[in-house]
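Following: one structure in structure tokens, then a few remarks.
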Amino acid sequence: MSGKIHQTMGQQSGRRSWAEPWKIKMVEPLRMTQHEDRQKALADAGYNTFLLRSDDVYIDLLTDSGTSAMSDRQWAGMMLGDEAYAGSRNFYRLEEAIQKYYGYRYLVPTHQGRGAEHLISQAAIRKGQFVPGNMYFTTTRLHQELAGGIFVDVIVDEAHDPADLSPFKGNVDLAKLEQLIRDQGAANIAYVSLATTVNMAGGQPVSMANVKALRELCDRHGIKLFLDATRLVENAWFIQEREPGYAGRSIAEIALEFCSYSDGAWSSAKKDSLVNIGGWLAVNDWTLFEELRNLVVVYEGLHTYGGLAGRDMEAMAIGIVESMQDEHVRSRIGQVRYLAELLDDWRIPMVRPVGGHAIFLDARAFYPHLSQDEFPAQTLAAELYLDSGIRSMERGVVSAGRDPKTGGHHYPKLELTRLTIPRRVYTQAHMDVVAESVKAVYEARTSARGLKMVYEPRYLRFFQARFEPLA
Ligand SMILES: *Cc1c(COP(=O)(O)O)cnc(C)c1O
């Protein structure tokens, strides 16, 4: 990485660059497209980047989910898959990794994160109970609602302001949570659902002090605390960087301490854990575990494979170990920062501070002339693709969906377009191309016209909705 990065990484004098702790062993050729190809592909996809064919994409920043490059060790691990239906040795390797790095006693593997969210929601929510969380995540909230729960956002107010520079914008506002408990009674709270880091707020971390205080509050009221540990590794890096007393602690130590304040966690291993598929749920309570282990055989598979092949569990076990290495996290977040600094030089509006996995462009600031009903963030994603073949995704009114009670749109304060960086996949030159394309689209911002939605699926509409350009 360039001198720019190493400055943000600590040393100011002289140029001593610092690069990724890996080298490239195998490459995947990409197809380069022309403007006319992209125009046709985008129209065929209903102006929704989720509906583009990957062959029509040059640099794919749709998501960092399942898009990581596995290491040679992980690929070698795939060959050690024990594909027994029951008691696969890879399950025990995975269990060991979860116990060592996350500290929970009992593991239930699932095919991916939402499989785990389904199980915990069914097991731990009674119909009509409230589920407070630090901002919603799409699949998390939906599973909570399908189980009869009522999601309540208790994140700090700063999280809703893309310009606020607070270091821990993922924190729970304890006063909001206390108020909810006072109003509804502790018995009507299913559990607290704490995400690390908060994707929808721009990848913002939760501080150790906040999770500690949250634990105390939950203990006072006899409420359980579960983590969405999908991006815990990145959260740990921000604690190491920003929270007093943690500069000398390793990522693995910080992650383990963080988990120690919770009763369990679910995770999509497709993010931090460097695999293309997989997830898990882990808890400390035997009775709850029994219930989860019983449910998993209905929805995912036997409790020692949970919808995964043995080889997938082996790759996950190795990926967990690699993901907890300080040098790995530094290089992953360093690449996101490199891109952010280029955009900063050109005064591109985006969420600050920049999170660990993505840049979130502020589509409201790009297109102040478009109302939220004209889908500014969806428009920005479409314009970026047209300009250069870069695929991003909408995180605004389309992703927020509809209020199940009124049927109207949720209108989130944040109207964002996310450039998500896959782990260990793209080079610094790719980041340069991305930055220059964002700049070109920003310079052409006054000519953007917005979109109208012409097809809307019932659930998680952002995945499959179709749009047409407004005249
Ligand atoms: C991706 C994600 C999920 C869902 O996981 P899948 O593996 O995509 O099903 C849940 N929570 C968070 C925070 C995520 O980023």
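What follows is calculated from the coordinates using simple rules that are stated; it is not laboratory data. For clarity, every value in this text was computed on a predicted model and none was experimentally measured. Counting neighbours? That spans all protein chains shown, and the Cβs are built from the backbone with ideal geometry, glycine included.
Observations on the model:
- Here the dipole of the chain is about 20 debye; that uses its Cα centre as origin and unit charges on the Cβ of Lys and Arg (positive) and Asp and Glu (negative).
- Here HIS409 and HIS221 are evaluated by their C-beta separation; at R0 = 30 Å the FRET efficiency comes out at 0.35.
- Database remark: amide H of ARG231 closer than 5 angstrom to the amide H of THR196, THR197 (H placed geometrically; neighbours at sequence offset of 5 or more, or on other chains; Pro and chain starts carry no H).
- Out-of-range pairs (alpha-carbon distance over 29 Å; input LYS413/LYS452; LYS23/LYS271; LYS270/LYS452; LYS176/LYS452; LYS40/LYS169): LYS270/LYS452; LYS176/LYS452; LYS40/LYS169
- Each peptide among 196-206, 71-81 gets the average number of other Cβ atoms lying within 10 Å of its residues, and from highest to lowest they stand as 196-206, 71-81.
- Among 182-194, 137-149, the peptide with the highest mean count of other Cβ atoms within 10 Å heads the list, and the full ranking is 137-149, 182-194.
- Farthest toward positive dipole pole in region 72-323 [+1 Lys/Arg, -1 Asp/Glu at C-beta], among THR138, VAL283, SER267: VAL283
- Counting only DSSP beta bridges with both residues in the chain, the antiparallel share comes to about 65 percent.
- Potential extension, ARG53-LEU165 segment - 0.36 nm per residue separation minus Cα distance: 36.6 nm
- Rounded Å value of the spacing that divides the Cα centres of region 249-323 and region 170-231: 20 Å
- Take the Cα of ASP37, step 7 Å toward its Cβ, do the same at VAL425, and the gap between the two points is 1.9 nm.
- Computed extension length for ALA440-GLU290: 48.5 nm, one decimal, from 0.36 nm per residue of separation with the Cα-Cα distance subtracted.
- Peptides ranked, highest mean first, by Cβ atoms within 10 Å: ranges 405-412, 129-136, 216-223: 129-136, 216-223, 405-412
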